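Novice: Once you've had a glance at the structure underneath, I'll fire off some questions.
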Amino acid sequence: MTIGHIGYWAAVTVGLGCLVVVVSLIVIRLHADRDERRTQELRTPLWRDVLMLGVGEPDEVDAANRTLLALSPEEQAAIEDDTFALVPKLRGEARQRVREVLRAWGSVDRARNSTTSPSPVRRARGYYRLGVLALPERRDDVLAGLHDRDFTARRTAMLALASFPEHAVIEEMLLAATVEPRLRHDFLAAVDQVGGPAADVMVEHLRRATSGDLDRERRLAAEAVGLVGEIDAVSSLEGCLVEDDDELRIAALQALGALGSPSSMIVVTAQLGASSPDVRQAAMVAAGKIGGPSGLMLLGIGLGDKDVEVARAAAGALRRSGASGRSILATSQAPVAREALALAALRAS
Amino acid sequence: MARILVADDDVDIRELVEFKLTTMGHEIVAVGDGAAAIDACMAQKPDLAVLDVMMPGVSGLDAIRAIRAEPSLADLPVILLTARAQESDVETGFDSGADDYITKPFSPRELASRVQALLSRSR
């Protein structure tokens with residue numbers, strides 16, 4: 001056999017291989033398109049029943065419920081993803097009705113099985129779905145997700161735990177976010193959803209004596225308390241302002257600003273003597289949010305702070321404080337006051 | 001029966017609102033952003049508008065301002081759809097001319113009663 005023969009057969013083999021690949025891709029594509037069309041055909045009338053279950057009148061809800069409970073597995077699969085996506089967008093009885101149908105379809109077991117999949121995407125989906133289904137018996141499966149080896153799965157589990165607003169769960173969430181700062185944002189988002197029950201746990205943590213790692217935990221607790229607007233936490237937050245940890249004091253100042261209690265102005269004012277410019281700046285922002293005569297007075301003093309960013313924060317807060325704030329800026333000789341007024345005029349033009 | 005404009009970039013929410021209001025016998029014009037909402041208001045002259053606050057491009061608040069600037073739409077009843085975290089925007093929404101607001105996730109019953117109340121007030 002000559003080299004020419006070998007080359008010829010090699011080219012034929014490669015050409016046939018390419019042809020097989022192209023034909024296979026076309027077949028796969030046609031198959032996928034057919035499946036997609038079939039799913040869409042199934043979905044359209046069934047989705048109407050899901051919407052009816054969510055927003056219909058009582059008799060329409062009953063009819064939709066009966067239809068949905070009698071669906072075949074193939075029909076369920078055609079609308080399951082969309083139905084899961086719909087649950088968080090509903091409230092009250094409507095949300096519960098859609099949840100009940102998903103549970104009746106066996107979604108709980110499927111979601112639970114997903115949480116043990118080797119694929120991190122499937123595990124994340126499992127945690128998310130268990131959160132949507134909110135079955136108390138499955139709480140520990142979602143809690144275990146906080147220790148998943150994949151970060152995305154841990155994030156999803158953190159958000160899903162908002163469906164289980166229990167003391168022990170919130171404690172675990174706070175601990176996980178303390179140990180892994182990357183989870184902070186998701187922790188705060190989950191706490192925002194949980195609301196009141198989370199605030200009680202946060203206040204408990206704020207009251208604990210400080211030491212080492214606990215400081216981070218208390219900083220997070222302070223942030224969370226400000227977010228959910230727990231006014232009973234004011235005294236605990238004020239207590240944090242005498243601590244040495246600057247970050248804790250900043251978090252407490254931010255929370256006090258968000259809560260807006262006028263009684264906090266005494267301790268906020270005391271922060272003007274802090275050595276850290278970041279703490280003084282946080283005090284200016286908090287004073288601007290709390291407002292009132294004492295807040296304006298503190299901001300007026302802040303205009304002369306030796307750190308320009310602190311002075312700028314005071315000027316910005318005064319600019320947002322209505323006519324009284326702007327009048328303090330107008331009478332001040334501080335450069336940042338003139339800067340704030342000029343910027344405000346520029347924006348208005 | 002009234003003609004109602006629904007503007008929300010979230011397809012599920014838009015579909016839910018549209019479905020609920022359709023079952024109540026209203027005619028719905030559904031759009032996915034603020035600019036389309038302004039155009040639809042000018043062209044279709046709805047009896048009521050349900051606008052999401054946070055939409056890409058032109059927000060719900062900007063859309064209300066633009067709608068109110070048009071004399072023929074100055075009295076159009078507007079309901080804002082807002083997430084809980086954006087509730088601070090509601091004050092701005094009322095300043096811009098919104099008549100009512102509903103927080104998401106919403107209750108279909110609440111939506112129905114707010115829509116009916118505004119429609120009967122405006123007639």
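Novice: What residue, among those in segment A:102-124 that are in contact with a helix residue (DSSP H, G or I) (Cβ under 8 Å, 6 or more places away or on another chain) and loosely packed, with under 13 Cβ neighbours inside 10 Å, is farthest from the other protein chains (Cβ to nearest Cβ)?
Specialist: A:Thr116
Novice: Does A:Ile290 meet the test of being under 25 Å from the mean Cα position of the chain (by Cα), among the aliphatic types (A, V, I, L, M) and surrounded by 15 or more Cβ atoms within 10 Å (Cβ to Cβ)? Write out each step before concluding.
Specialist: Details: under 25 Å from the mean Cα position of the chain (by Cα): no; among the aliphatic types (A, V, I, L, M): yes; surrounded by 15 or more Cβ atoms within 10 Å (Cβ to Cβ): yes.
Judged against the criteria, A:Ile290 is not a match.
Novice: Out of all the residues in segment A:164-173, which are part of a helix (DSSP H, G or I) and surrounded by fewer than 24 Cβ atoms within 10 Å (Cβ to Cβ)? Talk me through it step by step, then tell me what you get.
Specialist: Here is the first cut: in segment A:164-173, the residues part of a helix (DSSP H, G or I) are A:167-173.
Residues satisfying the conditions are A:His167, A:Ala168, A:Val169, A:Glu171, A:Glu172.
Novice: OK, next. Which residue, of A:Leu318, A:Leu299, A:Leu272, is modelled with pLDDT under 90 and either part of a helix (DSSP H, G or I) or touching a Cys at 6+ places or on another chain (Cβ under 8 Å) (or both)?
Specialist: A:Leu272
Novice: Could you grab me the full set of residues in segment B:1-43 that are closer than 20 Å to B:Ser122 by Cβ and of a type in the set (Lys, Arg)?
Specialist: B:Arg3, B:Lys20
Novice: How many of the residues in segment A:205-228 are modelled with pLDDT of 85 or more and basic (Lys, Arg)?
Specialist: Total meeting the criteria: 2.
Novice: Would a scan of segment B:71-91 turn up a residue that is part of a helix (DSSP H, G or I), among the β-branched types (Val, Ile, Thr), within 14 Å of the chain's Cα centre (by Cα) and at pLDDT below 90? Talk me through it step by step, then tell me what you get.
Specialist: Our first condition is that a residue be part of a helix (DSSP H, G or I); within segment B:71-91, this holds for B:71-73, B:84-86, B:88-91.
The next check asks that each one be among the β-branched types (Val, Ile, Thr); those that pass are B:90.
Those still in the list that are within 14 Å of the chain's Cα centre (by Cα) too: B:90.
Pick out the ones that are also at pLDDT below 90 and you get B:90.
Within segment B:71-91, one or more residues are part of a helix (DSSP H, G or I), among the β-branched types (Val, Ile, Thr), within 14 Å of the chain's Cα centre (by Cα) and at pLDDT below 90.
Novice: Does segment B:27-49 contain any residue that is within 27 Å of A:Leu53 (Cβ to Cβ), free of Cβ contacts under 8 Å to residues at least 40 places away in the same chain and within 14 Å of chain A (Cβ to nearest Cβ)?
Specialist: Yes, that holds for at least one residue.
Novice: Answer yes or no: is there a residue in segment A:18-40 that is under 24 Å from A:Arg122 (Cβ atoms), within 14 Å of chain B (Cβ to nearest Cβ), surrounded by 10 or more Cβ atoms within 10 Å (Cβ to Cβ) and of a type outside the set (Ser, Thr, Tyr).
Specialist: no
Novice: Moving on to the next point. Name the single residue that is surrounded by the most Cβ atoms within 10 Å (Cβ to Cβ) among those in segment A:41-55 being within 12 Å of chain B (Cβ to nearest Cβ) and either of a type in the set (Asp, Glu) or in contact with a Leu (Cβ under 8 Å, 6 or more places away or on another chain) (or both).
Specialist: Step by step, filter segment A:41-55, then rank; the result is A:Val55.
Novice: Is one or more of the residues making up segment B:75-87 of a type in the set (Lys, Arg), without any contact (Cβ under 8 Å) to a residue 24 or more places away in the chain and surrounded by fewer than 19 Cβ atoms within 10 Å (Cβ to Cβ)? Steps first, answer last, please.
Specialist: At the first step, the residues of segment B:75-87 found to be of a type in the set (Lys, Arg) are B:84.
Next, from what is left, pick out any that are without any contact (Cβ under 8 Å) to a residue 24 or more places away in the chain: B:84.
Pick out the ones that are also surrounded by fewer than 19 Cβ atoms within 10 Å (Cβ to Cβ) and you get B:84.
So far as segment B:75-87 goes, yes, one or more of its residues are of a type in the set (Lys, Arg), without any contact (Cβ under 8 Å) to a residue 24 or more places away in the chain and surrounded by fewer than 19 Cβ atoms within 10 Å (Cβ to Cβ).
Novice: Taking segment B:7-26, which residues are within 14 Å of chain A (Cβ to nearest Cβ), touching a Leu at 6+ places or on another chain (Cβ under 8 Å) and not in a helix (DSSP H, G or I)?
Specialist: B:Asp8
Novice: Okay, next question. Identify, please: which residue in segment A:57-85 is within 30 Å of the chain's Cα centre (by Cα) and within 14 Å of chain B (Cβ to nearest Cβ) and is, among those, nearest to A:Leu133 (Cα to Cα)? So that I can check it myself, show each step before the final result.
Specialist: Going through segment A:57-85, the residues within 30 Å of the chain's Cα centre (by Cα) turn out to be A:76-85.
Next cut, within 14 Å of chain B (Cβ to nearest Cβ) only: A:79, A:81-85.
On the way: A:Ile79: 16, A:Asp81: 13, A:Asp82: 14, A:Thr83: 11, A:Phe84: 9, A:Ala85: 11 Å.
Once the filter is applied, the top-ranked residue is A:Phe84.
Novice: Oh, and also: For segment B:92-123, what are the residues that are surrounded by fewer than 17 Cβ atoms within 10 Å (Cβ to Cβ), within 13 Å of chain A (Cβ to nearest Cβ) and modelled with pLDDT under 80?
Specialist: Matches in segment B:92-123: none.
Novice: Continuing with this model, one more query. Name the pairs whose Cβ atoms lie under 6 Å apart, with the first residue in segment A:86-101 and at the interface with another protein chain (Cβ under 7 Å from one of its Cβ atoms), the second surrounded by fewer than 18 Cβ atoms within 10 Å (Cβ to Cβ) and acidic (Asp, Glu), and 6 or more positions between them or separate chains?
Specialist: Hits for this filter: A:Leu86/B:Asp12; A:Lys89/B:Asp12.
Novice: Take segment A:218-248 and flag every residue that is in contact with a Leu (Cβ under 7 Å, 6 or more places away or on another chain) and under 19 Å from A:Ala177 (Cα atoms).
Specialist: Hits for segment A:218-248 are A:Arg218, A:Arg219, A:Leu220, A:Ala221, A:Ala222, A:Glu223, A:Ala224, A:Val225, A:Gly226, A:Leu227.
The values are calculated or read from the model by the stated rules, or taken from the named source; none is laboratory data. Because the structure is a prediction, the values reported are computed rather than measured. Here Cβ is always computed from backbone atoms with ideal geometry, including for glycine, and neighbour counts include all displayed protein chains.
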